[in-house]
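Working notes, structure below.
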Amino acid sequence: MAYFAAVLARTDGAWDVSETELDNVETLADLADLAREAAQDDESVLVFIEQEDAWFAVLRVDGEEDPRIFVSDGAAAARSSYGSILTDELLDRVGDADFDDLDSLVTDLDDEDADQNAEDDDEDEAAGATGPGGVPVGPLGDPELLIEFGLPAEGLLDLSGEGAMPGDALSEIADAIGCGEVLEAVR
């Protein structure tokens, strides 16, 4: 499967864009390290990944903070080696968040209606669209990761809708954040 990957490093109010290989990327930490290598003075770095018009992802790294991730179609990405790195991380984060408030969890379990609500939720989840391993079909992750650069969450979600072409979406994202021409030069 053919992939396109580019690293976009913020430098002095502009973007430095370079195509990159993902051959040595096996984990999210590897991908974050690849991004950090391109960073200047802890400025933001974005990694764009696209797989043959099946899905796209944007990874944002700010200094040593945890990477922020957005994937256009979680189920499609989960079927690919690089996409599964991102979707696995996103699903782990969602799973961890479910248990952040243990007191609330205990209260819910003590509630007589909790069992019925859990059954209803299971039926709703079974009816929802999921792909391999229960990964949701459609956008997954943080749609707000590009707000600071001029692309609102709604805009990113619109580019991920049904029928959207990932290659075109990455071009539109690059145009919106001010690096369309330099991204096209490396494509």
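The values are calculated or read from the model by the stated rules, or taken from the named source; none is laboratory data. Everything numeric here is computed off the predicted structure, so don't read it as measured data. Neighbour counts run over all protein chains shown; Cβ positions are idealised from the backbone, glycine included. Accessible surface areas use protein heavy atoms only, side chains included; no ligands, DNA or RNA. Shrake-Rupley method; radii C 1.70, N 1.55, O 1.52, S 1.80 Å.
Quick one: if you stick a label point 7 Å off each Cα along the C-beta vector at A54 and L157, how many nm between them?
It works out to 2.6 nm between the two label points.
What figure in square angstrom, to the nearest 10, would you give for the accessible area of D158 with a 1.4 Å probe?
Only protein atoms counted, so the area is about 120 Å².
Label-point separation (nm) for D92 and E19, each offset 7 Å from Cα along Cα-to-Cβ?
With each label placed 7 Å out from Cα toward Cβ, I get 3.1 nm.
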